[in-house]
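A short write-up of the structure that comes next.
The values are calculated or read from the model by the stated rules, or taken from the named source; none is laboratory data. Worth saying up front: this structure is predicted, and the values here are computed from it rather than measured. Counting neighbours? That spans all protein chains shown, and the Cβs are built from the backbone with ideal geometry, glycine included.
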Amino acid sequence: MIDREVVPGKTLHHIAGEWIGSATGREYENRSPWTGEVFSWAAAGDADDARRAIEAAHSAFPGWAATSPGVRQRVFLRAADILERRAGEIRSALAAETGSGAHFADVQINFATTLLRQAAHLGYEPVGQVIPSDVAGTRAVAVRRPVGVVAAIAPWNASLILSGRSLVAPLALGNTVVLKPSEESPFTGGTLWSEILDEAGLPPGALNVVTHAPGEAGLIGDEMLSNPWVRRINFTGSTATGRRLAEKAGRHLKRVVLQLSGQNPLIVLADADLDYAVEAAAYGAFVHQGQVCLCARRIFLERSIAAEFTTRFAAKVESLPTGDPRIPGTVIGPVINKWALALIERRVEEAVRLGAKLITGGTANPPCYPPTVLVDVPDDAEIAQAETFGPVVILETVESAEQAIHRANDSDFGLAAGIFTRDTYRGQELAAQLETGIVHVNDQPVNDEPQMPFGGMKDSGWGRFGIGVAAEDFSEIQWVTSRHEPRAFPF
Ligand code: ADP
């Protein structure tokens with residue numbers, strides 16, 4: 001049962017510091033994936049609401065950009081404390097709104113508090129360089145300035161982290177933000193951030209959140225893309241949506257950071273510590289029931305260890321507790337909604353029809369899908385090609401490390417990878433051959449820390465999230481020269 005005391009019954013837009021319904025008065029019901037109960041009635045916003053939010057962010061920009069680094073720092077440090085104080089309540093909300101189990105909720109809360117504390121110092125980072133000029137008497141500098149309004153579009157799966165990283169660093173760099181959370185997580189991926197930053201002292205309008213009904217994201221997204229006050233967009237979600245967004249952004253010459261789908265490989269070489277690789281692979285494939293963009297989707301096994309790995313892995317996978325995400329021991333909770341569940345079912349069935357074999361799992365138990373392991377999956381099966389957001393992983397035997405790298409790279413995607421070998425040096429050499437934005441040697445792909453440059457290659461996206469690199473995308477460099485005395489011109 002949802003704890004009504006800790007769960008908001010309504011999720012309103014947060015615009016210019018006010019909590020308001022949508023301009024049309026429409027709402028939609030956001031249901032809990034496990035209980036099926038209404039978690040909240042959320043504002044069903046459209047382009048008008050987005051415009052108001054962008055106007056609010058635009059108005060708040062000069063004031064927030066001019067706020068001293070020390071004042072900004074205190075806002076983020078206070079926000080981290082507030083988030084920690086509310087951790088129990090947020091854990092419950094993540095379970096109720098998104099089906100997140102206790103472990104993954106803690107991962108999110110820890111990331112979000114660390115993110116806020118790291119971002120707190122961004123205002124004190126040096127903002128420029130003095131560049132020597134060949135023009136005598138000219139002093140030249142390059143200065144980083146905030147860009148203005150940043151629009152952020154985030155998904156539901158790691159709602160607290162993925163919305164948090166979309167707005168915290170941009171704000172810390174002096175920008176203002178309009179956030180559009182997923183229709184599946186308007187609270188934990190949306191207005192919760194407003195509540196926390198509001199209480200921490202962020203001025204009204206610096207962060208605005210607009211929610212929307214299922215199927216209506218484009219109304220808000222299109223306004224964000226076309227509105228001239230929005231100077232940058234960051235997007236985390238599927239490659240299909242990201243591609244459409246990038247096409248439109250091109251028309252408006254608007255820069256976008258895109259963090260998109262993955263089809264992440266995990267390579268187990270013959271000399272790997274097999275017990276460790278099995279534990280790691282089970283975590284990497286099935287954490288948050290496989291609904292993390294970083295999850296291992298394809299595991300390549302060198303032939304000499306393939307049979308042994310498969311036996312031990314199947315035993316481990318079959319032992320994973322499935323069910324209510326509010327029970328602390330649950331590993332495999334519900335899939336986010338019935339459409340996502342149907343897609344997993346369809347893709348597994350298609351793979352089996354095309355010749356794949358099920359090692360374990362493969363039959364839905366709504367709202368859950370059991371952890372499922374497939375072998376002999378033909379390349380033309382959808383599940384071999386497209387990211388499938390659920391607890392399904394493919395095993396494939398390879399003859400060598402080189403073949404594993406070749407197969408791993410034989411994908412449109414390039415987000416994250418893992419390589420298991422006792423020869424760490426060789427692991428690093430192989431990492432350099434992988435076409436992924438992130439590689440872990442002797443670890444599985446589901447890792448993130450706010451200071452790390454996070455992002456993909458190929459169809460997994462452009463740009464990087466990360467405190468250390470945020471200024472590249474969320475500030476503007478201005479070249480400024482000044483002279484004390486007139487210079488001579490040739491005519
Ligand atoms: P996922 O399958 O992870 O939900 P999506 O790409 O569908 O991936 O969703 C990621 C985010 O993109 C969500 O916030 C969703 O509402 C948003 N989104 C979906 N369609 C559009 C669109 N046409 N314009 C802008 N945002 C969109």
Flag if Ile383 is surrounded by 16 or more Cβ atoms within 10 Å (Cβ to Cβ), in a loop (DSSP other than H, G, I, E, B) and of a type in the set (Val, Ile, Thr): no
Residue within segment 219-236 that is without any contact (Cβ under 8 Å) to a residue 24 or more places away in the chain, surrounded by fewer than 18 Cβ atoms within 10 Å (Cβ to Cβ) and of a type in the set (A, V, I, L, M, F, W, C) present: no
Which numbered condition Leu225 fails, given (1) closer than 27 Å to Pro33 by Cβ; (2) within 15 Å of the ligand (Cβ to nearest atom); (3) among the aliphatic types (A, V, I, L, M): (1)
Residues that are within 16 Å of the ligand (Cβ to nearest atom), polar (S, T, N, Q) and either surrounded by fewer than 24 Cβ atoms within 10 Å (Cβ to Cβ) or outside any loop (DSSP other than H, G, I, E, B) (or both), drawn from segment 173-192: Thr188, Thr191
Any hit, segment 85-108, residues being surrounded by fewer than 16 Cβ atoms within 10 Å (Cβ to Cβ), at pLDDT 95 or above and touching a Gly at 6+ places or on another chain (Cβ under 8 Å): no
Within segment 305-344, tally of residues that are surrounded by 13 or more Cβ atoms within 10 Å (Cβ to Cβ), away from the ligand (no atom under 16 Å from the Cβ) and part of a helix (DSSP H, G or I): 10
Any hit, segment 193-215, residues being at pLDDT 95 or above, buried (at least 20 other Cβ atoms within 10 Å of the Cβ) and within 30 Å of Leu395 (Cβ to Cβ): no
Neighbours by Cβ (under 9 Å, 6+ apart or cross-chain): first from segment 420-443, over 25 Å from Gln259 (Cβ atoms); second exposed (fewer than 13 other Cβ atoms within 10 Å of the Cβ) and of a type in the set (A, V, I, L, M, F, W, C): none
Odd one out for Ala404 among (1) part of a helix (DSSP H, G or I); (2) within 16 Å of the ligand (Cβ to nearest atom); (3) not basic (Lys, Arg): (2)
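Of all strands (runs of 3 or more DSSP E) completely enclosed by segment 1-95, which ones contain at least 3 residues that are more than 26 Å from Pro325 (Cβ to Cβ)?
Working: elements: 13-15, 18-20, 27-31, 38-43.
Fully inside segment 1-95 and qualifying: 13-15, 18-20.
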Any pair with Cβ under 6 angstrom, 6 or more apart, that starts in segment 237-258 at a residue that is in contact (Cβ under 8 Å) with a residue 12 or more places away in the chain and closer than 12 Å to Ala217 by Cβ and ends at one that is of a type in the set (Gly, Ala, Ser) and within 11 Å of the ligand (Cβ to nearest atom): Ser238/Ser261
Flag for Arg232 being more than 28 Å from Phe76 (Cβ to Cβ) and of a type in the set (D, E, K, R): no
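On the basis of being more than 15 Å from the ligand (Cβ to nearest atom), part of a strand (DSSP E or B), farther than 30 Å from Ala471 by Cβ and touching a Lys or Arg at 6+ places or on another chain (Cβ under 9 Å), does Leu301 make the cut? Quick ask: steps written out before the conclusion?
On the way: more than 15 Å from the ligand (Cβ to nearest atom): yes; part of a strand (DSSP E or B): yes; farther than 30 Å from Ala471 by Cβ: yes; touching a Lys or Arg at 6+ places or on another chain (Cβ under 9 Å): no.
No: the conditions fail for Leu301.
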Matching residues, segment 120-172, being assigned to a strand (DSSP E or B), of a type in the set (Gly, Ala, Ser) and either touching a Gly at 6+ places or on another chain (Cβ under 6 Å) or more than 14 Å from the ligand (Cβ to nearest atom) (or both): Gly128, Ala140, Ala142
Of all residues making up segment 240-259, the number that are within 8 Å of the ligand (Cβ to nearest atom) and crowded, with 22+ Cβ neighbours inside 10 Å: 2
